[in-house]
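These notes are about the structure you will find just below.
None of the figures in this text is laboratory data; all of them are computed from the coordinates on show. Nothing here was measured: the structure is a model prediction, and the numbers come from that model. Neighbour counts are summed over all protein chains in view; Cβ atoms, including those assigned to glycine, are modelled from backbone coordinates with ideal geometry.
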Amino acid sequence: MSLEKRLGAATRDAYGKALVELGKKNPNIVVLDADLSKSTKTEAFGKEFPDRFINCGIIEANMVGVASGLAISGKTVFASSFACFMMCKSYDQLRMAVANPKADVKIVASHGGISVGEDGASQQAIEDIALATSLPDFTVLLPSDEYCAKALVMQAALTPGPFYMRTGRPKAPIVHSENTKFEIGKGVLIKDGKDITLIANGLLVFEALSAADTLQKQGINAAVIDMHTIKPIDTALIKQQCDKTGAIVVAEEHSIWGGLGTTVSRTVSLLKPVPIEYVAIEDVYAESGKPEELMIAYRLTAEHIVEAAKKAIQRKQL
Amino acid sequence: MKKASIDELKKLAQEMRKDIIVMLGKAGSGHPGSSLSVIDIITALFFNVMHHNPKDPQDKNRDRFILSKGHAVPALYAAYARAGYFPYEWIYTLRQLGSPLQGHPDRRKLSFLEASTGSLGQGLSIGIGICLAAKLDKKDYRTYCIIGDGESNEGQIWEAAMFASHHEVDNLTVILDYNKFQLDGPVKDILDMEPMEKKWSSFGWHTQEVDGHNMQEIVDALEKSKTVKKQPSIIIAHTVKGKGVSFMENNNHFHGVAPTADETRKALLELGESREEIEEVLKR
Ligand SMILES: Cc1ncc(C[n+]2csc(CCOP(=O)(O)OP(=O)(O)O)c2C)c(N)n1
């Protein structure tokens with residue numbers, strides 16, 4: 001791929017930094033972790049504000065219950081672990097103690113997707129977005145790079161109610177800049193185009209930009225959206241791009257079930273349907289391997305997006 | 001499998017410590033401290049206490065083993081490799097794309113693993129289910145399960161503990177790897193589990209406490225656990241995280257960080273490997 005890849009901080013690092021900044025501004029913020037503070041990056045907040053940080057231990061379900069109690073007593077609570085444990089171990093607590101009372105709990109869970117790498121399937125969340133979007137009143141976020149992650153954390157802290165944000169383990173390629181305007185619920189149209197729209201989030205945003213670059217050389221003009229908010233989805237932007245380009249590829253580091261692809265296809269089906277192709281993890285758990293190798297093996301690269309884009313464009317003619 | 005003597009077990013454990021270091025040094029990621037702390041227990045189980053047959057891994061009467069603290073899996077792979085469940089050379093592929101040796105135990109890749117673990121807190125419940133199946137089928141195999149002390153933070157461990165004693169699951173031996181550390185630091189600072197023995201005995205378990213690096217004590221306690229009736233049995237093994245490699249012992253940096261090439265050489269030298277052999281192995 002010809003597009004230059006500039007690696008920035010991992011989105012989990014951006015979260016850790018943003019938390020410390022938030023802690024300085026807002027004495028009402030409390031942070032919880034479940035014995036993964038070195039990995040989720042809440043450790044820095046804990047060092048700076050030990051009174052407002054609890055490393056709860058390996059007790060995710062209890063942690064979410066405690067977060068709820070703190071939140072309904074007036075605190076803004078951030079709670080972190082790996083995405084798989086966070087969502088799967090404490091789902092009932094997220095349902096009854098957070099979503100139900102609309103508690104001001106921000107779940108920020110790291111190690112989303114298969115780019116976790118060598119630790120293998122047990123640590124790789126591929127179903128977290130599906131679980132999170134299924135919870136009423138949850139806002140669901142998946143930032144692409146450090147700028148995006150920081151902006152979303154800062155806004156989430158100011159917005160009452162339950163949030164789920166997935167962060168990633170590896171360094172994330174920079175796809176935005178300091179000047180990019182982010183707004184929860186609004187996708188960022190990074191590049192406009194007329195033939196097809198590539199809608200991506202997380203690490204796949206860079207792959208989509210890279211795919212657009214390749215497509216351009218082949219005479220196909222692709223738009224690229226960073227859809228960092230999966231819920232509520234940016235229906236207006238999707239409508240605009242459907243009307244303009246008439247075909248879509250959705251690319252995400254998540255199972256084909258219940259992620260951004262599902263959300264976009266539902267949105268489009270209620271408008272004027274256009275062909276949609278998906279670049280996502282098929283209905284399987286992945287395995288150990290280097291993150292880059294896994295992204296290739298599980299078909300999550302720019303090449304796969306290019307392939308999917310051509311298919312979608314072909315289907316326009318049907 | 002033929003029972004190894006205590007001396008043979010000690011020698012084997014030392015060799016398997018080397019296996020762990022080689023595996024993790026080559027893989028470049030993984031959990032050396034957590035693996036070294038359970039290796040003596042795993043050696044005793046696989047080469048003395050458990051009835052199993054590498055030539056017939058699915059033997060219906062085999063004893064079952066579950067590593068609930070799945071991140072220590074290099075210790076388990078060392079045992080399976082040396083017992084002959086798979087070619088020894090496979091250990092050089094740990095954590096590589098396509099390798100059956102996943103970063104955490106994965107039954108999809110190695111069918112003789114009784115459980116896929118890596119999400120802490122789950123293995124014990126699965127083990128209890130296996131014990132109940134044995135009773136239904138009137139089989140007299142036993143199930144062994146290793147859990148961590150940090151892992152014992154999890155509520156599910158205590159649900160399992162209550163359940164097992166209520167149902168008098170006496171064909172189960174749990175070994176607690178009590179190395180006093182979890183991921184972010186000492187257990188007593190994060191979520192103190194003391195009084196550990198009282199917790200288990202008050203949950204209705206038969207308890208024993210041993211030095212988890214004293215082979216004779218480990219084997220004796222495992223044997224004794226087999227004789228306990230109407231009660232599940234736990235052996236609280238006091239261990240040292242990183243045991244056997246001086247710079248890893250009680251150094252929680254090595255919880256989840258693999259040794260560098262230099263550290264790998266240093267560790268293998270300490271474990272008694274010759275310089276030539278080390279360079280040879282690192283080339284593989
Ligand atoms: C449910 C769950 N939460 C968090 C983790 C991440 N994690 C892996 S090892 C570990 C610490 C385990 O401590 P312990 O059981 O004492 O084992 P040790 O490595 O100290 O031997 C943690 C928190 C996990 N694997 N599963």
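Could you look through the range B:99-118, keep only residues that are over 15 Å from the mean Cα position of the chain (by Cα) and either within 21 Å of A:E60 (Cβ to Cβ) or of a type in the set (G, A, S) (or both), and pick out the one that is farthest from the other protein chains (Cβ to nearest Cβ)? Result: B:S111. Taking first residues from the range A:25-43 that are more than 13 Å from chain B (Cβ to nearest Cβ) and partners that are among the aromatic types (F, W, Y), the Cβ contacts under 7 Å between residues at least 6 apart in sequence or on separate chains come to A:I29/A:F78; A:V31/A:F45; A:V31/A:F53; A:V31/A:F78.
Taking the stated definitions as given, is B:G150 surrounded by 23 or more Cβ atoms within 10 Å (Cβ to Cβ), within 12 Å of the ligand (Cβ to nearest atom) and not hydrophobic (A, V, I, L, M, F, W, C)? Against the criterion (surrounded by 23 or more Cβ atoms within 10 Å (Cβ to Cβ), within 12 Å of the ligand (Cβ to nearest atom) and not hydrophobic (A, V, I, L, M, F, W, C)), B:G150 qualifies. Condition test on B:C131, is it in contact (Cβ under 8 Å) with a residue 40 or more places away in the chain and either part of a helix (DSSP H, G or I) or more than 22 Å from A:C84 (Cβ to Cβ) (or both)? So B:C131 passes the test. Within the range B:1-99, considering only helices (runs of 4 or more DSSP H) that don't extend past its boundaries, which have at least 3 residues that are surrounded by fewer than 24 Cβ atoms within 10 Å (Cβ to Cβ)? Counting at least 3 such residues, we get B:6-27, B:73-83.
Taking B:E159 as meeting all but one of (1) within 12 Å of chain A (Cβ to nearest Cβ); (2) surrounded by fewer than 17 Cβ atoms within 10 Å (Cβ to Cβ); (3) in contact (Cβ under 8 Å) with a residue 60 or more places away in the chain, write down the number of the exception. Only one criterion in (1) within 12 Å of chain A (Cβ to nearest Cβ); (2) surrounded by fewer than 17 Cβ atoms within 10 Å (Cβ to Cβ); (3) in contact (Cβ under 8 Å) with a residue 60 or more places away in the chain is unmet by B:E159, namely (3).
For A:E60, the criteria (1) of a type in the set (D, E); (2) away from the ligand (no atom under 16 Å from the Cβ); (3) closer than 29 Å to A:P291 by Cβ hold in every case but one, which is (2).
If only one of B:L172, B:L191 is facing chain A (nearest Cβ under 10 Å) and more than 9 Å from the ligand (Cβ to nearest atom), which one is it? Result: B:L191 is the single residue among B:L172, B:L191 that is facing chain A (nearest Cβ under 10 Å) and more than 9 Å from the ligand (Cβ to nearest atom). Set side by side, the residues A:A125, A:A121 differ, and just one is within 14 Å of another protein chain (Cβ to nearest Cβ), within 16 Å of the ligand (Cβ to nearest atom), free of Cβ contacts under 8 Å to residues at least 60 places away in the same chain and over 10 Å from the mean Cα position of the chain (by Cα), which is A:A125. Identify the single condition in (1) within 24 Å of A:A172 (Cα to Cα); (2) hydrophobic (A, V, I, L, M, F, W, C); (3) touching a strand residue (DSSP E or B) at 6+ places or on another chain (Cβ under 6 Å) that A:I313 does not satisfy, given that it satisfies every other one. Single failed check for A:I313: (1).
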